[in-house]
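In what follows, a single structure is set out as structure tokens and then discussed.
Throughout, read-outs are computed from the coordinates displayed, never taken from laboratory work. Model, not experiment: these values are computed from the prediction. Positions of Cβ are backbone-derived with ideal geometry, glycine not excepted, and every protein chain shown enters the neighbour counts.
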Amino acid sequence: MNHPSPKKVAKSLVAHNHERIDNYFWMNDREDQEVIDHLNAENDYLDHVLADTKKDQEILFNEMKGRIKEDDASVPYFKNGYWYYSRYEEGKEYPIHCRKKENLESDEIILIDENVEAKKHPYYDVVAFSVTKNNKLMAFAEDITGRRMYQIKFMNLETKEVLPNLIENCSSDLAWHNDNNRLYYTIKDPETLRPHQVMCYDLAKGDSTEIFKELDDTFICGVSKAKDFGYILLGSYSTLTTEHQFKSADDDSDFQVFLPRQRKHEYYIEMFGDTAYIKTNLNAENYKLVSSSLQERTPENWTEIQGHSKEIFLEDFEVFKNHIVVQEKENGLAQLRVYDRNSGENKVIPPFEETYTLYIGTNPHLNSGIVRIGYSSMTTPHSVFDVDLVTFERELKKQTPVLGSFNADNYKSERVWATAQDGTKVPVSLVYHKDHFKKGGSNPILIYAYGSYGSTVDPYFSSARLSLLNRGFVFALAHIRGGEYLGRQWYENGKLLKKKNTFTDFIDVAEYLADAGYCAKDKRYAMGGSAGGLLMGAISNTRPDVWKGIVSAVPFVDVISTMLDDTIPLTTGEYDEWGNPNDKTYYDYMLSYSPYDNLEKKDYPAMLVTSGLHDSQVQYWEPTKYVAKLRELKTDNNPVLLKTNMEAGHGGASGRFEALREVALEYAFIMWLEKMSPIQQID
């Protein structure tokens with residue numbers, strides 16, 4: 001069976017007196033039956049090429065599923081008189097959201113059983129819910145397409161009746177007024193999907209009133225409620241700038257701007273009574289934490305709580321009645337610093353391991369004397385701890401069970417440092433099975449990274465990943481520039497006109513890992529998704545010789561065309577990340593690395609490219625065009641395969657088990673390239 005060969009229709013694209021010819025531009029119409037037929041043909045071709053791996057995929061899927069405790073539940077959290085949690089039942093794909101009144105011995109009250117609703121839709125996900133202060137009504141936002149265009153429904157919690165009221169084209173923001181009738185929410189533009197309008201819905205009247213419209217198309221907006229129920233908060237966000245407004249949740253007062261937007265000033269607020277706590281980067285690249293009264297909130301009235309540090313990046317904070325907990329990162333490792341609000345003294349909660357993920361968890365209870373935190377590492381399953389804010393004693397509330405023969409002592413995690421071509425030290429987190437690893441350069445390795453938007457992928461545990469490690473793979477997480485693993489400057493040095501640092505860092509990491517004996521040079525595999533898919537496209541263009549195979553998930557590869565089209569979802573808000581190609585300086589630089597525009601006649605590694613027909617972040621036509629053009633130009637016989645989920649969006653399948661089938665496909669593809677197929681099942 002030959003791979004699909006779509007028609008070529010030359011489309012001239014001109015900017016700055018420079019012409020690009022796109023022969024596959026016609027693919028950007030998802031209503032065109034020819035496009036749908038082509039995507040189905042690509043899926044059929046993948047099934048044909050990987051037919052011998054079908055059993056492998058099923059073995060891997062069963063392994064991954066078999067490690068999951070099917071009748072599992074989250075750790076309950078207490079909010080406004082009720083304990084909230086989600087649980088799963090054996091054999092079911094979706095969570096059941098529940099609560100219990102006052103104590104955990106009370107009768108269970110099921111709020112939403114997603115398994116029931118999922119039967120009505122090919123894709124289903126409850127992305128948020130919010131309960132009124134009097135605990136009688138609930139609003140919930142659900143996704144029925146995977147495109148992240150949510151619809152809001154309402155439930156009477158006393159009768160369990162889902163009301164006929166429906167609001168469409170929303171984001172996931174839900175904030176109730178304390179009158180227990182009006183809901184603040186955000187509308188998305190139906191074309192660009194930009195959250196741009198905050199509305200107030202009167203449930204009794206069944207109609208909405210516009211509260212705020214964000215006119216700057218480089219900003220999005222959202223709405224939330226303060227933890228103490230006292231205020232409704234409205235935020236506007238761009239890549240580099242934020243602005244917040246607030247109003248009482250008890251009356252009909254208007255919103256007030258907290259601090260007017262100022263380019264490159266990012267600040268975030270949390271209320272406690274009439275005091276605001278502010279995380280700000282004003283004269284503080286790595287952020288600082290200050291407080292002020294609501295009446296006198298300008299910078300000259302701020303009281304500094306934690307000052308700026310070049311070595312410490314302030315990530316997040318949580319306010320309690322007697323304490324403030326700051327989540328900070330030093331040399332790439334997260335730590336929690338606890339401030340006593342009465343004495344002002346602060347202490348750091350001691351770290352757990354060498355390389356790990358640590359974050360502030362769900363803490364809706366203001367008067368609590370404990371902070372709930374989340375923790376995992378590459379060898380430690382996700383864990384939830386309650387930490388006493390005075391003694392720092394920690395209680396393990398739950399560690400995600402891993403069924404089968406898993407023993408953390410069989411695995412080793414390391415953090416190493418690669419040297420980039422400009423001399424910068426780039427951290428890398430590694431994990432491998434001790435019995436299957438021999439330093440000296442014989443192991444295959446899968447290297448993963450993201451590297452954009454300042455988004456940090458910290459070292460985390462994956463039970464699915466065990467299927468690689470148990471077969472001798474090393475897994476590496478490259479903390480390349482473009483994220484914020486080493487602070488704000490780490491991000492600044494991997495964006496705009498320094499974006500290529502992201503790509504060269506990743507290549508240099510791969511070279512280092514082979515030279516240091518962590519893997520064989522001819523057994524290096526790369527994986528990334530979304531903006532990480534851009535990374536995959538760039539590294540395959542610049543150094544195709546490094547990679548045995550690449551998995552590129554929902555990749556952003558047609559950079560110039562996407563960034564020049566302000567009708568495509570979220571484009572205008574991306575200018576501060578990639579640059580605005582209407583400016584020739586940025587056009588030329590982006591053109592120099594855009595994966596689609598830099599494909600050429602040469603050998604490329606084997607590739608598996610995935611996509612979602614309803615993807616709202618990276619439109620399906622980008623990976624589809626990319627595969628067609630790559631096949632047209634490449635001079636090797638390595639397989640290039642495209643898998644499009646015809647029912648899902650950017651995040652893939654919605655069910656907890658169905659999502660594992662996508663991982664099983666990716667892993668089976670890599671093992672097939674590694675000539676490990678057919679494989680045998682391992683616990």
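Annotations for the structure displayed:
- Dimensions (Å) - the stretch 324-400, Cα atoms, principal axes, largest first: 38, 28, 19
- With bins 5 Å wide beginning at 0, the percent of Cα pairs of the stretch 92-138 falling in each bin runs 5, 17, 24, 23, 17, 9, 5, 0.
- Distant-in-sequence amide contacts of Asn180, defined by a placed amide H-H separation under 5 Å and a gap of 5 or more residues or a different chain, comprise Lys133.
- Cross-link partners of Lys675 among lysines (Cα-Cα below 20 Å; sequence separation of 8 or more within a chain): Lys54, Lys55, Lys438, Lys521, Lys523, Lys548
- Annotation for the stretch 46-150: trypsin sites (Lys or Arg not before Pro) lying in DSSP loop with at most 14 further Cβ atoms inside 10 Å of their Cβ are Lys69, Lys119, Lys120, Lys136.
- Farthest towards the positive end of the charge dipole of the chain, among the residues Tyr620, Gly440, Ile324, is the Cα of Gly440, using unit charges on the Cβ of Lys, Arg, Asp and Glu.
- Here the simple spin-label model places points 7 Å from the Cα toward Cβ, and for Met1 and Glu105 these points are separated by 6.1 nm.
- Aspartates and glutamates with Cα under 13 Å of Lys425, excluding same-chain neighbours fewer than 8 positions away: Asp505, Asp508
- Among His3, His16, a tally of other beta-carbon atoms within 10 Å of each Cβ gives an order, fewest to most, of His16, His3.
- Percent of Cα-Cα distances greater than 43 Å, calculated over the chain: 24 percent
- More than 19 angstrom apart: percent of Cα pairs within the stretch 477-554: 34 percent
- The C-alpha atoms of the stretch 1-102 occupy a region whose extents along the principal axes are 67, 44, 25 Å, arranged from largest to smallest.
- Scattering profile of the stretch 226-310 at q = 0.24, 0.26 Å⁻¹ [log10 I(q)/I(0), Debye over alpha-carbon scatterers]: -1.26, -1.40
- Taking the DSSP beta bridges with both ends in the chain, the antiparallel portion is around 85 percent.
- Relative contact order [Cα under 8 Å, 6+ residues apart], the stretch 324-400, whole percent: 19 percent
- Principal axis analysis of the Cα atoms in the stretch 42-145 yields extents of 58, 28, 17 Å, listed in decreasing size.
- Applying 0.36 nm per residue to the separation of His365 and Val257 and subtracting their alpha-carbon distance, the gain on full extension is 36.2 nm.
- Its Kirkwood hydrodynamic radius, worked out from the mean inverse distance over all distinct Cα pairs, puts the stretch 538-615 at 13.8 Å.
- For the stretch 341-443, average projected area of the Cα convex hull in nm²: 10.6 nm²
- Pairs of Lys in the stretch 226-310 closer than 19 Å at Cα, counting only those 8 or more apart or on different chains: 8
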